[in-house]
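A short write-up of the structure that comes next.
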Amino acid sequence: MIEFHLDSGSGVSPYMQIVRQVKHALRLDLLHEGDQLPTVKDVVAQLAINPNTVLKAYRELEREGLVEPRPGVGTFVTRTLAGDSLAAHGPLRKDLERWLVKARMAGMDDESIEALFMTTFRSARQEDIA
Amino acid sequence: MTAALEARGLGKKYGKRWALSDCTLDLPAGRVIGLVGPNGAGKTTLLNLAVGQLAPSAGSIRVLGGRPADGPGQLARVGFVAQDTPTYAGLSVADHLRLGARLNPGWDDAIARERLERLGLDPARRAGKLSGGQRAQLALTLGIAKRPELLILDEPVAALDPLARREFLQHLMEAAVEHSLSVVLSSHLVSDLERTCDYLVVLVDSRVRVAGDVDDLLATHHRLTGPRRDPATLPGDQQVVSESHTDRQSTLIVRSEGAIHDPAWTVGQVGLEDLVLAYMSDTPTRSTLEAVR
């Protein structure tokens, strides 16, 4: 079972924060197929938030095929996001670390590295879309 | 589904002063509805009209399809926790439950006892000896154990410290899920309502300024910044909620169903707190008021 937390200063709507936290847990293999998500009652009792916020988040996850409600029981994980890519995390991380060393040697500071990564990431994604 | 509350041209006059005027609202059932506005805006008057403790001076109000306080049936369907969550200081916690059981035909004693246990409230203790947070929880317990369809709370957390406030709202939200309650609660602080409410009514100076689904309100309000411009030149579907200008720059909060395409503007999101403040701070002209409603 996982527990949600909300960051009120993030500018991300509470329902989207819940969606992201579930996906994050699925990616990191913290949630497996068949696991139950906290019940709506538990989430609102813990976070003091509107019940419809939780329902909306769970509906969104259901729409994406990640969870499934079982009436009268709860909401259960139907698919994990870690899957095959999890094995590739290690080597990819090594590549990134080597790249970071190169960037440092070229004299880049944290902010320039982040900016370069994000602009490259965005333009690559736009090419994918186009 | 029957509306939780329907008001048509509702008004209440004390002497010559209108505490609430020309109030037209359709509040959906099954929601947690926040009523926000400065002190003296008419929140308590509206809620007292809804529970039938006041009679309208003008217009009409229906709650869950019935007239407020119209017989025992209607009284049983609506729970009310009045301002400052009042309890009887001289009576014990157990006395309050006995009173609740006597006065409410649908009283659920098991729920009341289970809640007291969870809260760690000693049944023998006098209400006058409880902390503010405990008194508020006792009042909430009475409101929930009555098993209403709609629970109305007037500024329930205004007097509580942040921890007690959080605990109160946790219990309220849990009860809303568990008993499929519709909830209307008022506050003069948006931060209390931001997470808990999915529908918002902003009341200022005895009038409803804006009312709607919170997600819809957030999606249709935008902050525009750009070179100084007369708001009168904006497209007709963009209603100006608030405006401020320097000699070169204009900053507007507008309500618009469609996207803003004018490249002169930098368009930003408006948080709930800023949205409410925009409606509170600006005194719109009569025509804007009509359009907003």
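The values are calculated or read from the model by the stated rules, or taken from the named source; none is laboratory data. This is a predicted model, so every value here is computed, not measured. Here the Cβ positions follow ideal geometry from the backbone for every residue, glycine too, while neighbour counts run over all protein chains shown. Side chains are part of the model used for accessible areas, which takes the heavy atoms of the whole protein and leaves out ligands, DNA and RNA. Shrake-Rupley method; radii C 1.70, N 1.55, O 1.52, S 1.80 Å.
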Taking every residue in B:164-176, how many Cβ atoms of other protein chains lie within 10 Å of its Cβ, on average?
-> 4
Let me know the mean shielding of B:192-198 by other chains, meaning the per-residue number of their Cβ atoms within 10 Å of its Cβ.
-> 5
Local electrostatic count at B:L121 - Lys and Arg +1, Asp and Glu -1, tallied over other residues with Cβ under 12 Å | +4
Could you state the accessible area per residue of the range B:215-292 in Å², with a 1.4 Å probe and every protein chain left in place?
-> 56
Note the angle between two axes, namely the Cα long axis of helix B:132-145 and the longest principal axis of the Cα atoms of chain B, as a number of degrees from 0 to 90, rounded to the nearest 10.
-> 80
Taking the alpha-carbon centre of each part, the distance from the range B:4-47 to the range B:221-256 in Å is 29
Please go through the residue pairs A:K23/A:K102; B:K12/B:K146; B:K13/B:K43 and name each one whose alpha carbons sit more than 22 Å apart in this structure.
-> A:K23/A:K102; B:K12/B:K146
Chains B and A: what accessible area do they bury, summed, in square angstrom to the nearest 100, with a 1.4 Å probe?
-> 1200
Looking only at aspartates and glutamates whose Cα falls under 16 Å of B:K16's and that sit 8 or more positions away or on another chain, we get B:D205
On the accessible surface of chain A, probed at 1.4 Å, how many percent belong to carbon and sulfur atoms?
-> 55
To the nearest 10 square angstrom, how much accessible area does A:L28 have with a 1.4 angstrom probe?
-> 100
Evaluate the charge dipole of the protein assembly as shown about its Cα centre and quote only its size in Debye, nearest 20, assuming +1 on the Cβ of each Lys and Arg and -1 on the Cβ of each Asp and Glu.
-> 1260
For B:A29, other-chain or 5+-apart residues with amide H closer than 5 Å (H placed, Pro excluded) are B:A4
222 nm mean residue ellipticity, helices alone, for chain A (DSSP H n ≥ 4; -39,500 (n - 2.57); rounded to 500) = -19000 deg cm²/dmol
Near the amide H of B:V81, under 5 Å away, which other amide H atoms are found, from residues 5 or more places off or on another chain, if H is placed in the peptide plane?
-> B:I152, B:L153, B:D154
Taking Cα atoms, the helix B:93-103 axis meets the longest principal axis of chain B at an angle in degrees (rounded to 10) of 80
Using the Karplus equation 6.51 cos²θ - 1.76 cosθ + 1.60 (θ = phi - 60°), what ³J(HN,Hα) coupling, rounded to whole Hz, does each residue of the range B:240-245 give in order, writing x for Gly and Pro?
-> 7, 8, 8, 9, 9, 9
Give a residue-ordered list of calculated ³J(HN,Hα) values for the range B:30-36 (Karplus: 6.51 cos²θ - 1.76 cosθ + 1.60, θ = phi - 60°; whole Hz; x for Gly, Pro).
-> x, 10, 10, 9, x, 10, 10
Counting Lys and Arg as +1 and Asp and Glu as -1 over every other residue whose Cβ sits under 12 Å from the Cβ of B:N104, the net charge comes to +3
Among the Cα-Cα pairs of the protein assembly as shown, the proportion with separation greater than 43 Å, in percent, is 25
Go through the range B:51-56 residue by residue and turn each phi into a ³J(HN,Hα) via Karplus (6.51, -1.76, 1.60, θ = phi - 60°); whole Hz please, and just put x for glycine and proline.
-> 9, x, 7, 10, 9, x
Carbon + sulfur, % of accessible area of the range B:47-106 - ligands and nucleic acids excluded, 1.4 Å | 52
Taking H as built 1.01 Å from N, whose amide H comes closer than 5 Å to the amide H of B:L20, not counting residues under 5 places away?
-> B:K12
